[in-house]
Amino acid sequence: MTGDRSSGIHFSRLYSFSLMRSIFRNEHSQIGQKGYSRVVYCNDPNNPKQLQLKYSSNYVSTTKYTVLTFVPKSLFEQFRRVANIYFLLAALLSFSPMAPYSASSTLVPLLVMISATMIKEGVEDWRRMKKDIEANNRKVKVYGRNHNFEETRWKKLQVGDLVKVDKDEYFPADLFLLSSSYEDGICYVETTNLDGETNLKVKHALNATAGLHDDHSFLHFKALIKCEDPNEDLYSFVGTLCYEGQQHPLSLQQILLRDSKLRNTGCVYGVVVFTGHETKVMQNATDPPSKRSKIERKMDKIIYILFSTLVLISFFGSIFFGIETKNDIRDGKSKRWYLRPDKSTFLYDPKRAELTAFFHFLTGLMLYGFLLPISLYVSIEIVKVLQGIFINQDQDMYYEETDKPTRAQTSNLNEELGQVDTILSDKTGTLTCNSMEFVKCSIAGISYGCGMTEVERAIAKRKGNVLPEVGYTSPDIQSFKDVYMDSGKSCKGFNFKDERVMNGKWVHESHAYVIQKFFRVLALCHTAISNIDQETGEISYEAESPDEAAFVIAARELGFQFFERTQTTISLHELDYESGQIIDRTYKLLHVLEFSSARKRMSVIVKNVENQLLLLCKGADSVMFERLAKDGRVFEAATRDHIKYYAEAGLRTLVVAYRELGEEEFKSWEDEFLDAQASVTADRDVLVDAASDKIERDLILLGATAVEDKLQNGVPECIEKLANAGIRIWVVTGDKMETAINIGYASSLLRQDMEQIVITLDTPEINNLEKQGDKEAIAKASSASITKQIRKGKSQLSSAKESPVSFGLIIDGKSLSFVLDKNLEHAFLEIAISCASVICCRSTPKQKALVTRLVKMGTGKTTLAIGDGANDVGMLQEADIGVGISGVEGMQAVMSADFAIAQFRFLERLLLVHGHWCYRRISMMVFYFFYKNIAFGFTLFWFEAYAAFSGQPAYNDWYMSLYNVFFTSLPVIALGVFDQDISAQLCLQYPLLYQEGVHGMLFSWMHILGWMLNGVISSIFIFFFTTNSVLHQAFRRDGHVVDFEVLGVMMYVCVIWTVNCQMALSINYFTWIHHFFIWGSVAFSYVFLLVYGAMSPIISTTAYQVLVEACAPRLFRFSFVLHTVTLFKDEAWKVRRQNSVDLRHGREQIA
Amino acid sequence: MSSGDEASQTLSKKSKKPQYSRFTQQELPACKPILTPGLVITTLISIGIIFVPIGLGSLSASEHVVEIVDRYDDACVPSKGDDEAAKRERLSFIQNAKTNKTCIRNLVVPKKMKHPIYVYYQLDNFYQNHRRYVKSRSDRQYRSPGSEGETKTCDPESEVDDHRPIVPCGLIAWSLFNDTYGISTKDNPIPINKKDIAWQSDKNSKFGSNVYPKNFQKQDPVGGGKLNESVPLSEQEDLLVWMRTAALPNFRKLYGRIETDLEANEKITVVIQNNYNTYSFDSKKQLVLSTTTWIGGKNDFLGKAYISVGGICLFLAIAFILTYVIKPRPLGDPAYLSWNQNSAAR
């Protein structure tokens, strides 16, 4: 092993040396300038210059608040809401004599609400703080004064410190890699926490420092790093190392990022470059865009309406008050002498009636403030958090296999789930499992592999005929699998069976040498890393993508076992077709021309034992065929046919090719390539791509691979249900059109009875133009062609208007970019909306986000994006709701999503059940909140009208302030958390019911105004029935009459009964919790009246003994209350019958 | 559900699987009221059946109350008429402390009135619920002699010019109603019992039995009635009644009780001391004699309301029965969903 390594080191020295020299010139110009001013004195923490720089410590705090800022900052946050500011101002004004009630009675509920929110914030922040404390106190070994490594806490780490990190430990800060336990200074890093990718990444130390292997070598180690300032770019680093008098360029290859983990490497030594909040990962921690639900936005409008009502009635009252007051003194004589208008203050001054009216206006604003529900926001927040818990707890959305329950990560979008109009879905990993299986391949124009894919079966079912034969035999897939199992070689990612090539039989094929080359490419052209299980000797692979893993595994199964990779070599156990022996071959890896979505291919340049230089390449057919050499196209026609067939079968295809390189050619190219790679300019990638492009040509075609990405369980059924619920589903995928269409059929997104509208630029004329390369002409022809196709689609749609045919729209990426760029957006959207399903193929991540925005803006309806990979993040953030699939492709999509589910099929339950419920719950809750406050607030107003608009509240101060907080809010919360209009089972059985949310039928202005009107009517009933039935005659046998205090209590109890009974009527799902809260609230209000009334009259003022003494003949009052309520019941019932009886009937039967 | 074995296995692996409970799975037992036609009709009918008798009972109770109402404010002043001069004359009459304000009213008892007969005075358009008025009191001062000086809230009737506090302070006390009534049949005076006309809680705790009026109505302008300074506040029941402010601008307050029966067609004479000024604002003063029943005084509203609600319920019930019979509709037909109907209409 060591031998292998040292040869590797030797080579890598050569390699790095040339690299270094070339980089050096370019880089130097930027260091020290603006943006590149950081200076790190390595292993010299006491250097006065370093201390002078005052870089931040490694202490990290992700909390929103600190102990000091918690109170002011969280208060500030809360008072950014208009309603809260109003309540604060009202509370402040209540200290003035203008206030209609005592200051404490307004302050208490405000404080209760504010402290409830603050406690919630505090608890959330406390959790973050605990994590921070844990992170800050982790131990790391730092090279100290005693010239050995001592453990210290992360937070004490400083820039320039020399640290040692052991295997499976996290890096405490952004480190510059000096050396590792490997002699060539490489190490493996897992970056799951950063980008969610689970594969290991290799980092290389500089050769200059790679020799610093043990603790003692650092005794005299001193170096100077000059580099870029802290920034959030995870994929670049610019800097130089000044060591032993020499300048060395640094790149990302030498940087170990905080929060990534050391893997497969004994230990590494590094120098701290960025600490604490200056690390790249912390710089990256930006808040995701905050999303607000439609209902919440509408709620703001309702608040404004109520505000205007408030201002209006206050104004109205003030005018009356002003006039009455002014009339109180006429000709120097007092009219209402008992008010002493001649001896008055500013609040009641007939001589300055205008001013008095103004102050009264302020009083009115305070008094009618009960129209605004003070506890609305906090109640809704609590309810949403609880709803989120229920979503998390749902067993039917838990995926046993990966042990992943559903997670509601942002609770404020729950109700939005009930209004989704369009779903934009990724394909790979979302509709499919993203576990690639190697099923077929075409080598030398012959197709191998005789499995049958799900899509093929779907197609066969569609066509109603027998599957056409592929290869020479087509055994049933099941029996085929049985054979497979029996052989005991079942492994993930490999589902290939063909007796012609399996078990080493390929050597007998006529094209054996092509087959050998083919699998050799698969075994060499990748970036996977092998792991040998020490005990069993089994080899497993960690690859960047599941496709790649599938290839490596396929190569292994066919006799080309990749078993070791160093920085510069790849070693295989190869089956030699001539001798039939297994031999070990080591290939020197010269360059990796990496895969990118723009290049759509990857290559490696290797040197085999025979000193042959080989370029091995695999890539998408669209880019590969044009790169073939003239004499490399022997199998082109056959391969193309096979690729087409594979794509139709829903398989992902890649073309495999190679070429031999001449020494001279390689040398000259390499210089150019290294130059490009070494440049630090912004267009470095372009230069590298261009350089790569120069060598990746004149390829010789070997064949093509086909891997299957299986549909996830239950996807077709789920899509069908969602479609039945009237949700439009768009699939936005990077796949080829044929694959996408076939997946569309397999997932029942497209049905046979559908007509297809295809918009594509893959037409002969455009292709011809492309060959000529005239870009303007292409653009012109393309947009003309798209306009034509769109027009055609439109006419197709309009002609089919009467017939029940539904349409599927398929558009490819190129057309999409034209559609999104030009003014065709609306025309496109128009047909897209009329189609039942839309498939966008070949789309880039950016296009995904743009399509999402187009749908969101264009239709104004709620969009939901679902995806699993980093390429879906843009889409997830753009959509109203982002749903991440916590699948194979890491956590990045999940991190930026609002909800995380494990399987696509859970979407059905998430939307149809939880979405439906939450939408109903929140809507009802908001309605009810406004209703109860209007009902209460308006009784105050009616009373005012009978109190000369003087600003005297009808109720005792504390009755008023506790109304919202204690006597009416808990039942609403119970409604918001538990109510179910119909059971989960029925939601799923009748997906049509989901339409209610899509059309926003529940939370419509009609309903809102209806409920408001309901509130006003309630208040009228309560006020006028109460006053008319007890005034002014004796209200009981002993001749006593009702006074102000008694009337107040009566009305108050009436309001509480009415409002709570209305709640009872609105609830569809009565559990003991509802009973407890509703009747408990009513009972509690009685208890309160009793207790409060029993206090000394100084405290209880107008409430003293009222309930006990005056309202003792309770029976009387109860019947009266009941009566009002009943009146109400009818009312409500009638309204309901008109509005939604149809709907309810629809639901009823079920129950 | 997985078997016990599996469950324990998953537990041991510390699975993230949500624990099953009816609560977390939102499957709590619940009653789900559905408004089926049958339920609605039954409810309506039962409401009607309950309410109509209650209403009839209330109405008949109200019918049994005998009430005599006599407006005397316009009759007990020398000048009548609506012109300014008459108004001014009335005002100066009522404001002059020296004029004789005795006024005699003759009333006829329409039906037999059983004792106790309650005597009320009724004022209209008098804003006892005005904020300035309601707030102008000091519960502390009324309660204990030690808090005499707590008159801050009583403005503008808190203290006399030399800063001695007024007890009881405030506008309410200051504007105490002071008309008096003496009732007699032919020659026999009928005593009016003025004991226990105030609320017990007022007598017992709100007003102190050792707090005596001080400096009350000692200074111009004098508002309403004066108080006997040797009687503690808790015994001044007229004051206590007055201090319980009325809820609405038209109100009755208890004046006293007659403990004897009055026969039908009996003629009674009321001697009124018409002291109280209601002439500067448009008001009425009425004397009310009333018996009570279990619903209290005379009030048809309650009975009528019960009857009409009950009636409406019955009517609706019949209407629904008819719709149900004539045009029945199957339950749970999705075609009746309102959006389906909309789209069909389109």
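The table that follows gives values for the structure above.
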{"item": "Any hit, the stretch A:1121-1138, residues being modelled with pLDDT of 70 or more, aliphatic (A, V, I, L, M), part of a helix (DSSP H, G or I) and open to solvent by less than 20 Å² (accessible area, probe 1.4 Å)", "result": "no"}
{"item": "Condition broken by B:Ser62, with the remaining ones in (1) among the hydroxyl-bearing types (Ser, Thr, Tyr); (2) in contact with a Phe, Trp or Tyr (Cβ under 9 Å, 6 or more places away or on another chain); (3) within 26 Å of B:Phe216 (Cβ to Cβ); (4) within 11 Å of chain A (Cβ to nearest Cβ) satisfied", "result": "(3)"}
{"item": "Test: A:Asp1038 is within 14 Å of chain B (Cβ to nearest Cβ), under 30 Å from B:Gly296 (Cβ atoms) and open to solvent by 10 Å² or more (accessible area, probe 1.4 Å)", "result": "yes"}
{"item": "Residue among A:Ile423, A:Ile389 that is more than 30 Å from A:Tyr304 (Cβ to Cβ), open to solvent by 10 Å² or more (accessible area, probe 1.4 Å) and aliphatic (A, V, I, L, M)", "result": "A:Ile389"}
{"item": "Single unsatisfied condition, A:Ser798 versus (1) hydroxyl-bearing (Ser, Thr, Tyr); (2) at pLDDT below 80; (3) open to solvent by 40 Å² or more (accessible area, probe 1.4 Å)", "result": "(2)"}
{"item": "Any chance A:Thr356 is touching a helix residue (DSSP H, G or I) at 6+ places or on another chain (Cβ under 7 Å), more than 7 Å from chain B (Cβ to nearest Cβ), surrounded by 22 or more Cβ atoms within 10 Å (Cβ to Cβ) and within 30 Å of A:Phe307 (Cα to Cα)", "result": "yes"}
{"item": "Residue in the stretch A:272-294 that is assigned to a helix (DSSP H, G or I), open to solvent by 10 Å² or more (accessible area, probe 1.4 Å) and under 30 Å from A:Tyr928 (Cα atoms) present", "result": "yes"}
{"item": "Answer from B:Tyr255, B:Tyr276 - the residue that is hydroxyl-bearing (Ser, Thr, Tyr) and modelled with pLDDT of 90 or more", "result": "B:Tyr255"}
{"item": "Considering residues of the stretch B:242-269 that are part of a loop (DSSP other than H, G, I, E, B) and among the hydrophobic types (A, V, I, L, M, F, W, C) only, the residue farthest from the other protein chains (Cβ to nearest Cβ)", "result": "B:Ala264"}
{"item": "Every pair of residues 6+ apart whose Cβ atoms lie under 7 Å, when the first sits in the stretch B:243-259 and is without any contact (Cβ under 8 Å) to a residue 12 or more places away in the chain while the second is outside any loop (DSSP other than H, G, I, E, B) and open to solvent by 10 Å² or more (accessible area, probe 1.4 Å)", "result": "none"}
{"item": "Members of the stretch A:330-374 found to be more than 60 Å from the chain's Cα centre (by Cα) and in a helix (DSSP H, G or I), listed by number", "result": "A:Trp337, A:Tyr338, A:Leu339, A:Pro350, A:Lys351, A:Arg352"}
{"item": "Residue identified as modelled with pLDDT of 85 or more and among the charged types (D, E, K, R) among A:Lys351, A:Lys343, A:Lys384", "result": "A:Lys384"}
{"item": "Selected residue (criterion: farthest from B:Val134 (Cα to Cα)) from residues of the stretch A:310-329 that are open to solvent by less than 40 Å² (accessible area, probe 1.4 Å) and assigned to a helix (DSSP H, G or I)", "result": "A:Leu310"}
{"item": "Test for A:Asp533: is it within 27 Å of A:Lys505 (Cα to Cα) and either surrounded by fewer than 22 Cβ atoms within 10 Å (Cβ to Cβ) or β-branched (Val, Ile, Thr) (or both)", "result": "no"}
{"item": "Counted residues, the stretch A:400-414 - those being under 17 Å from A:Asn713 (Cα atoms) and buried (at least 20 other Cβ atoms within 10 Å of the Cβ)", "result": "3"}
{"item": "Those residues of the stretch B:75-105 which are assigned to a loop (DSSP other than H, G, I, E, B), of a type in the set (D, E, K, R) and open to solvent by less than 70 Å² (accessible area, probe 1.4 Å), in sequence order", "result": "B:Lys101"}
{"item": "Subset of the stretch A:979-999 [open to solvent by 20 Å² or more (accessible area, probe 1.4 Å) and either outside any helix (DSSP H, G or I) or of a type in the set (D, E, K, R) (or both)]", "result": "A:Asp981, A:Ser983, A:Tyr990, A:His999"}
{"item": "Residue ID - nearest to the other protein chains (Cβ to nearest Cβ), chosen from residues in the stretch B:121-150 that are more than 29 Å from A:Gly1039 (Cβ to Cβ) and surrounded by fewer than 24 Cβ atoms within 10 Å (Cβ to Cβ)", "result": "B:Arg140"}
{"item": "Selection count, the stretch A:1001-1026, where residues are open to solvent by 20 Å² or more (accessible area, probe 1.4 Å) and assigned to a loop (DSSP other than H, G, I, E, B)", "result": "2"}
{"item": "The stretch A:594-615: number of residues that are within 16 Å of A:Glu665 (Cβ to Cβ) and either in a loop (DSSP other than H, G, I, E, B) or open to solvent by 10 Å² or more (accessible area, probe 1.4 Å) (or both)", "result": "4"}
{"item": "Hits in the stretch A:694-734 - residues which are in a helix (DSSP H, G or I), open to solvent by 40 Å² or more (accessible area, probe 1.4 Å), in contact with a strand residue (DSSP E or B) (Cβ under 9 Å, 6 or more places away or on another chain) and within 30 Å of A:Val656 (Cβ to Cβ)", "result": "none"}
{"item": "Given (1) surrounded by 17 or more Cβ atoms within 10 Å (Cβ to Cβ); (2) touching a Leu at 6+ places or on another chain (Cβ under 9 Å); (3) more than 20 Å from A:Thr428 (Cα to Cα), number of the condition A:Glu660 does not satisfy", "result": "(1)"}
{"item": "Strands (runs of 3 or more DSSP E) within the stretch A:514-585 that include 2 or more residues under 25 Å from A:Ala620 (Cβ atoms)", "result": "A:539-542, A:560-565"}
{"item": "Subset tally (residues that are touching a Phe, Trp or Tyr at 6+ places or on another chain (Cβ under 7 Å) and within 12 Å of chain A (Cβ to nearest Cβ)) for the stretch B:166-177", "result": "5"}
{"item": "Pairs where the first residue, in the stretch B:185-200, is over 27 Å from B:Asn106 (Cβ atoms) and the second is open to solvent by 90 Å² or more (accessible area, probe 1.4 Å) and not hydrophobic (A, V, I, L, M, F, W, C), C-beta under 9 Å, 6+ apart", "result": "none"}
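Condition check ((1) touching a strand residue (DSSP E or B) at 6+ places or on another chain (Cβ under 8 Å); (2) under 30 Å from A:Ala90 (Cβ atoms)) across all residues:
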| position | (1), (2) |
| --- | --- |
| A:Leu224 | yes, no |
| A:Asp229 | yes, no |
| A:Asp233 | no, no |
| A:Asp259 | yes, no |
| A:Cys267 | yes, no |
| A:Glu296 | no, yes |
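Conditions tested, residue by residue: (1) buried (at least 20 other Cβ atoms within 10 Å of the Cβ); (2) over 25 Å from the mean Cα position of the chain (by Cα).
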position	(1), (2)
A:Arg791	no, yes
A:Lys794	no, yes
A:Ile811	yes, yes
A:Glu830	no, yes
A:Cys840	yes, no
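The values are calculated or read from the model by the stated rules, or taken from the named source; none is laboratory data. Every value quoted in this text rests on a predicted model; they were computed, and no experiment measured them. Backbone-built Cβ (ideal geometry, glycine too); neighbour counts: all protein chains shown. Please note that ligands, DNA and RNA were not included when accessible areas were found on the heavy atoms of the full protein model with its side chains. Shrake-Rupley method; radii C 1.70, N 1.55, O 1.52, S 1.80 Å.
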